[in-house]
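Notes follow once the structure below has been shown.
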Amino acid sequence: IESTGVQPVLYPFGRKAPQGTDEFLKRYGIELSETWEEFLALHASEADRLKEVFDDLDRDRDGLVNADELREFGKRFHDGRAPTDKQVAVVMERLDLDKDGLLSFEDLRKGAQAIASAC
C-alpha cells in the first residue's frame, strides 16, 4: 500500500458492492447512486420521464439508441467511466426486445417494465 497508495475498488458496470456494504453505508450516512436497472425500474411507470431519458440518449435524433449512445447512459451509473463493450452488450441484450442491435423508445419502455416487474 505504501509504495502504490490506496487504490479504489472498481465494481463491474451494473453491480453494487459486496455483501454487508448497505449496513456499512447506512451506519456512516453514505449514499450510493442507483444502478441502471434500479433507475429504469423506478421510472418504468413514468412514460414522460422515460421519454426524456430516451431523447437524451438519442443524440443523433434518429429515433433509435445505438451501443455508443447507450455507453453514455452507462457512464451515469459507473462513476463517469465508460462501460466496456461487453457490459454495454449485456444492457443492450436485456433491453433490445426485437434484437436488432438498436433500442427504440418502445424497447426501453417495455424493458423498464420487465425489470420493474422482476423486482
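The values are calculated or read from the model by the stated rules, or taken from the named source; none is laboratory data. This one's a predicted model, so the numbers in the text were calculated from it and none came from an experiment. Cβ coordinates were reconstructed from backbone atoms using ideal geometry, including for glycine residues, and neighbour counts include every protein chain displayed. Surface accessibility is based on the protein's heavy atoms, side chains included, excluding ligands, DNA and RNA. Shrake-Rupley method; radii C 1.70, N 1.55, O 1.52, S 1.80 Å.
Consider residue 79 carefully, then state whether it is open to solvent by 40 Å² or more (accessible area, probe 1.4 Å), within 19 Å of residue 33 (Cα to Cα) and outside any helix (DSSP H, G or I). Talk me through it step by step, then tell me what you get.
Numbers: open to solvent by 40 Å² or more (accessible area, probe 1.4 Å): yes; within 19 Å of residue 33 (Cα to Cα): yes; outside any helix (DSSP H, G or I): yes.
Considered against the rule, which asks whether it is open to solvent by 40 Å² or more (accessible area, probe 1.4 Å), within 19 Å of residue 33 (Cα to Cα) and outside any helix (DSSP H, G or I), residue 79 comes out as yes.
Against the numbered list (1) open to solvent by 40 Å² or more (accessible area, probe 1.4 Å); (2) aromatic (Phe, Trp, Tyr); (3) in contact with a Lys or Arg (Cβ under 8 Å, 6 or more places away or on another chain), residue 28 comes up short only at (3).
Determine whether the range 5-16 contains at least one residue that is on the phi > 0 side of the Ramachandran plot, exposed (fewer than 12 other Cβ atoms within 10 Å of the Cβ), at pLDDT 95 or above and assigned to a loop (DSSP other than H, G, I, E, B).
No, there is no match, as no residue in the range 5-16 is on the phi > 0 side of the Ramachandran plot, exposed (fewer than 12 other Cβ atoms within 10 Å of the Cβ), at pLDDT 95 or above and assigned to a loop (DSSP other than H, G, I, E, B).
No other residue among 51, 99, 86 is open to solvent by 10 Å² or more (accessible area, probe 1.4 Å) and either part of a loop (DSSP other than H, G, I, E, B) or touching a residue at least 60 places away in the same chain (Cβ under 8 Å) (or both) apart from 99.
Once the range 21-48 is narrowed to residues that are assigned to a loop (DSSP other than H, G, I, E, B) and within 18 Å of residue 105 (Cβ to Cβ), the residue that is nearest to the chain's Cα centre (by Cα) is 44. Being charged (D, E, K, R), within 19 Å of residue 94 (Cα to Cα), open to solvent by less than 80 Å² (accessible area, probe 1.4 Å) and in contact (Cβ under 8 Å) with a residue 40 or more places away in the chain is true for just one of 34, 38, 72. Which residue is that? Just one listed residue meets the conditions, 34.
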